[in-house]
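To keep things clear, I will list the structure first and then write my remarks on it.
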Amino acid sequence: MAGPLRPGPPARVCVLTPDARGAVAVVRIWGPGALDVADRVFRPARGAPLSATPPGRPRFGRAGAGLGDEVVALVVGAAVPGGPVEVELHCHGGPTPVALVVDALVEAGAEKSRPLAWVRHAAGRSVPAQARADLARAPTLRTAEILLEQAGGALGREVTGLIRGAETDPGSAVAGIDRLLARAPVGLRLVRGWTVALAGRPNVGKSRLLNALAGYDRAIVDPTPGTTRDVVTLRTAFDGWPVELADTAGLRDADDAIESAGIALARARQAGADLTLLVLDRSEPLTGDDRALLARRPAALVVANKCDLPAAWDAAEVGPISPITVSAERGDGVERLVAEAARRLVPEPPEPGAGVPFRRAHVRRLQAAREALQAGRIATAVDRLRGLVPAASK
């Protein structure tokens, strides 16, 4: 006689992001009944319950005991072809909001698991899994939002459209690939960010400007020329884009060996920066060193500092593009400088919901597909593109 039926495995839950603080934490629910469990926990801000939501459509609401935490819920495809759908809840980073969400899911019937359990279960997923991994390291909310969209299938959906059109209209598919590749310079910086170096001769106010941009005193400020000997760096954000600011030694001919070493470091850091802020002292006449720096750094964003003092030169003296006028001492013009620097770094931000290649492997696949399409090798192009589409969506 057959024994009693054993209950099937419960839905499981784990936190995919590290324990360290971050902009967003990702909680994954999978297994039989995952959607039912998430449906019991997620309280939508408005509209139908989560179970009535199409896959890939983000929903805003709350989860957790009491007021709970604000979360974005996403029904995603099955990690294993033919398996049940899975759910992600994206909550604020940090132990308290994560515990609120996880405890509520466990109380609703899910079994708490380690992230490795989901990794083994979901082996083979590509772009969405990579996006979730990078999401854990996203330094700003703006970059986290873009990665969250890729985790929800934004890139895969665009590539799927390109695959469908490759045979009937290869030229249109090439244009679509070019649009994706144009977003890659932003996608590749979503975690590591951009570098911005402050340059200028000694005593023009670079260190004070660094402090003004940071909002706190990071660099030593002193009227003695050559005070900054090493490269002083800090992490911040310009219009939501992660930036590493570097205050470098003032550039001039120096006999002091230590200052000369600092100047060499400054030149190396400026050469490798994505953007240079060339700082000039507006209260003193332009010097030969100033003009030499302007000639060597034609792409730099020129900053006329010390606008709280009487001006000693006119904007036309530094070239066709007017400098950004600031007072690092009082903070005048700093917001405008930040906005212009952000525009220089990211002139065309991705539209909300756009597919964004965010790893070099994505770029290589897109480039290979483009070359194959142009050569008339449609099957090869489609094969390259399929590598960017989750298995459940193919």
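Worth a mention:
- Pair list, Cβ < 9 Å and 6+ apart or interchain, from the stretch 147-171 residues that are under 18 Å from Gly56 (Cα atoms) and without any contact (Cβ under 8 Å) to a residue 60 or more places away in the chain to residues that are part of a helix (DSSP H, G or I) and of a type in the set (Gly, Ala, Ser): Gly161/Ala173; Gly161/Gly176
- Under the condition of being at pLDDT 85 or above and in contact with a Phe, Trp or Tyr (Cβ under 9 Å, 6 or more places away or on another chain), the residues counted in the stretch 123-138 number 2.
- Residues of the stretch 45-72 that are under 22 Å from Leu147 (Cα atoms) and without any contact (Cβ under 8 Å) to a residue 24 or more places away in the chain: Thr53, Pro54, Arg57, Arg59, Phe60, Gly61, Arg62, Glu70.
- Residue within the stretch 305-322 that is in the same structural domain as Glu340 (by TED's automatic domain parsing), in a strand (DSSP E or B), within 35 Å of the chain's Cα centre (by Cα) and in contact (Cβ under 8 Å) with a residue 12 or more places away in the chain present: yes
- Within the stretch 360-389, the set of residues being assigned to a loop (DSSP other than H, G, I, E, B) and either surrounded by 20 or more Cβ atoms within 10 Å (Cβ to Cβ) or assigned by TED's automatic domain parsing to the domain that holds Arg57 (or both) comprises Leu388, Val389.
- Some residue of the stretch 281-297 being surrounded by 13 or more Cβ atoms within 10 Å (Cβ to Cβ) and either among the hydroxyl-bearing types (Ser, Thr, Tyr) or not assigned by TED's automatic domain parsing to the domain that holds Ala341 (or both): yes
- Flag if Val279 is touching a helix residue (DSSP H, G or I) at 6+ places or on another chain (Cβ under 8 Å) and part of a strand (DSSP E or B): yes
- Residues satisfying the stated conditions in the stretch 334-372, i.e. of a type in the set (Val, Ile, Thr) and over 19 Å from the mean Cα position of the chain (by Cα): Val334
- Whichever residue in the stretch 314-359 is in contact with a helix residue (DSSP H, G or I) (Cβ under 8 Å, 6 or more places away or on another chain) and among the acidic types (Asp, Glu) and, among such residues, is surrounded by the fewest Cβ atoms within 10 Å (Cβ to Cβ): Glu348
- Residue identified as at pLDDT below 90, more than 21 Å from Ala237 (Cα to Cα) and surrounded by fewer than 17 Cβ atoms within 10 Å (Cβ to Cβ) among Arg179, Arg114: Arg114
- Any hit, the stretch 144-158, residues being on the phi > 0 side of the Ramachandran plot and of a type outside the set (S, T, N, Q): yes
- Residue in the stretch 17-34 that is exposed (fewer than 15 other Cβ atoms within 10 Å of the Cβ), of a type in the set (Gly, Ala, Ser) and modelled with pLDDT of 90 or more present: no
- Pick from the stretch 50-68, criterion touching a helix residue (DSSP H, G or I) at 6+ places or on another chain (Cβ under 7 Å) and surrounded by 15 or more Cβ atoms within 10 Å (Cβ to Cβ), ranking: farthest from Pro97 (Cα to Cα): Leu50
- Residue satisfying condition, being farther than 18 Å from Ala361 by Cα, assigned to a loop (DSSP other than H, G, I, E, B) and at pLDDT 90 or above, within set Gly161, Gly109: Gly109
- Of all the listed residues (Val75, Val102, Val87), the sole one being at pLDDT 90 or above, touching a strand residue (DSSP E or B) at 6+ places or on another chain (Cβ under 9 Å), within 20 Å of Val24 (Cβ to Cβ) and part of a helix (DSSP H, G or I) is Val102.
- Residues in the stretch 26-52 that are in contact with a Pro (Cβ under 9 Å, 6 or more places away or on another chain) and either under 21 Å from Gly355 (Cα atoms) or assigned to a helix (DSSP H, G or I) (or both): 5 in all.
The values are calculated or read from the model by the stated rules, or taken from the named source; none is laboratory data. Just so it is clear, the structure is predicted and the values come from calculations on it, not from any experiment. Quick reminder, even Gly has a Cβ in these numbers, built from the backbone with ideal geometry, and neighbours come from all protein chains shown.
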